[in-house]
1. Could you rank M421, M283 by how accessible they are, 1.4 Å probe, largest area first?
2. Dividing the alpha-carbon Rg of region 442-532 by 2.2 N^0.38 Å yields what?
3. Restricting attention to the alpha-carbon atoms of region 166-269, what are Rg (one decimal) and Dmax (integer), both in Å?
4. Normalised by the residues of region 516-648, what does the relative contact order come to in percent, with Cα pairs under 8 Å and at least six apart?
5. Give me the extension gain from Q188 to E419: residue separation times 0.36 nm, minus the current Cα-Cα distance, reported in nm with one decimal.
6. At T228 and A626, where each label point lies 7 Å from the Cα along Cα→Cβ, what is the point-to-point distance in nanometres?
7. Keeping the other protein chains in place, figure out the carbon and sulfur percent of the accessible area of region 259-397, with a 1.4 Å probe.
8. For the pair E616 and E239, what calculated FRET efficiency results from E = 1/(1 + (r/R0)^6), where r is the Cβ-Cβ distance and R0 = 56 Å, to the nearest 0.05?
Amino acid sequence: MPQSQHLLLNLALDQRSLKEVLAEAVTVTCELLEVPAAALYLTERGTHDWMLAASIGRVFEPLRARSAEVGPGEALLLQGTEVLGLLQVDRDDIDTELLREIADVISVVVWRHERETDLIARERRLVEAQRISHVGSYDFEIATNTNLWSDQLYRIYGREPQSFNATYEQFLEMIVPEDREHVMAVHQRSLATLEPFEMEERVTWPNGQVRTLSSWGEIVTDGAGTPTRMVGICWDITERKLMEEQLVREALHDRLTGLPNRALLVDRLTHSLGAITRHSRPMGVMFIDVDRFKVINDSLGHDVGDEVLVEVARRLTAEIAPGDTVARFGGDEFVVLCQELAHAGHALSIAERLQNAVSSPITVNGSELVVTVSTGIALTSGTDDAPSSLLRDADAAMYRAKQSGRARSVVFADEMRDEAMGRLDTEMQLRRAITEEQLRLHYQPLIDLRTGHLVGFEALVRWLHPTRGLVPPAEFIPIAEETGLVVPLGEWVLAEACRQLALWKARYPAHSGLVMAVNLSGVQIVQPDVVARVADILTASGLDPACVALEITESVLMRDAEETMEVLRGLQGLGVRLHVDDFGTGFSSLSYLKRFPVDALKIDRSFVDGVGTDPEDGAIVQAILALASSLGMDTVAEGVETAGQLQALQELGCATAQGFLYSRPLPADELVSVLQAVVIPTLPVARPPADELLRPPS
């Protein structure tokens, strides 16, 4: 082509983004036509001797269905069989072969532009996807020790692309020392086997923060199968790992105290037992129960109870040897696992140290509480001990410590296992006793101390076992409380007592004003339908509700005081009388006491026992009587056994009393003489046996 000639590319469409791309085509075309680049111009529009128009894009969509045959001065822009556009020249004498060569060059340029544009868009979307998903990617070239990291991977590793040289050595420097050998081993194994890998590693950020990452990668090989690159992805799992660790901790630790829970204790005990040999020193399991914790919880509230448990846990932990374990077994029960003991005496000395630590006064809300614990100890006897048997034996020993007076430690002996089995047997037989009518009620008279007249009875349950005879309440009432059997048992007592009172009122009209007192247990009072159940029993008996007094212990009264208040108001609405039993043994709040709808206070027998002889007991009884009088409540003295006690109570102004001085609890058919008497005489009785004094707890 003559150098004086100019070749012009005229864009039929306003494709400004293609101007630079087509400029490259112009340069290549100049070389093809052997004309200098300065002789070839690219304009949007123009008319010169040589006119070449390259139309790109949607204008040529119809051409996709057009025949491959074109007219003079035309050439298709093709990529394979795909039509990209049409090249037209306004001269018919142009060399057709030259025109096709020009069209081919422009086709390649246009195709490459479209692919590069698509690749840029894809890369942009990939970067955005990695940013959103917090996933980074890498491409490590083994031969040159260079790493190509995505922007997100730099963020994951806490590095800046401008200042960090991503070599393999620098990568390893980021890995925490404890994980470094593992990471290298995983990479080496993958290079040797050509298998993909997946692992977790911890890295340290420049600010010292440690992050946990998860990575996946694979090895890329050349045609000969030689590893050339390692490519993969990586993402931050720190928050997930922290959540997993938190879930594991919560699953294995007590939330209140932070101590290991039962599951973790059993796991550690199992592991320790598995390591025992016949030459090992014995291990010890100490089952620790906080004495009278229920009184603290019920009287002062669960928040105070929780503070006490946290402090007990802290003190126990501070006293154990390294390697030993303190766990919260449940409620107010703790277990200490002692790994090595010289002998049983060593275990007792440890238990005594723990007892002393716990019994120091605990300050809660400005008040001091003294807490004691009862401890049962079980020692390993060989290599075949099981966790369940050790815990069972320690529990049995703890129960013996409770029976022996609390605040002491007892080492397990074989007969304790028999006692534990006996308690389980008692529970099963008690269930049958309720349904098979083995229960009986005994009634103790209530006497007006001013007139000596009978004013009512307290109903006390007894168990007439078919083979054991009369079972003392102390043997089955605590079991009934623990197992919830006290609910059906208590309902039976109330129904039977109401039935008996209705019979007496019909048979002895002179005693139409008799009141029947029945214990309402703490388990019963928290039942959601307790008011409705009491109402049904009263309706069935036909009694005036005012003839029934429900006795609730002081400790139960203060348990969840606001909720208890609602229950008491519901019971009061039925018309029954409400008495506070064992008054003086708990921690009543006077502000609550004056709000409770209570009709009478029953003075606990522990104070009555010394009235008339012990000035302190006398002062306490006098204070209770004054309190009751100021609140408009009656008083009942429990456990009156001597004439001296009776005289002292009368002088102090106590209204009502019950006790062995008048009558021990008797079956209904043995109370005829009491019901027929005008004035109830006192009896010259000696102090009754201890088991006769035991009353069912509420």
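1. Greatest to least solvent exposure: M421, M283.
2. Working it through for region 442-532, the quotient is 1.25.
3. Rg and Dmax of region 166-269, Cα atoms, are 18.8, 63 Å.
4. Dividing the mean separation by the residue count of region 516-648 yields 20 percent.
5. Values: separation 231, 0.36 × 231 = 83.16 nm, distance 6.37 nm.
Contour length minus Cα-Cα distance gives 76.8 nm.
6. Spacing of the two 7 Å Cα→Cβ label points: 10.3 nm.
7. 50
8. On the way: r = 63 Å, r/R0 = 1.12.
Taking R0 as 56 Å, the efficiency between E239 and E616 is 0.35.
The values are calculated or read from the model by the stated rules, or taken from the named source; none is laboratory data. If you're wondering where the values come from, they're calculated on a predicted model, not measured in any experiment. Every residue, glycine among them, receives a Cβ derived from its backbone with ideal geometry; neighbour counts consider all protein chains shown. Only protein heavy atoms, including side chains, enter the accessible area calculation; ligands, DNA and RNA are left aside. Shrake-Rupley method; radii C 1.70, N 1.55, O 1.52, S 1.80 Å.
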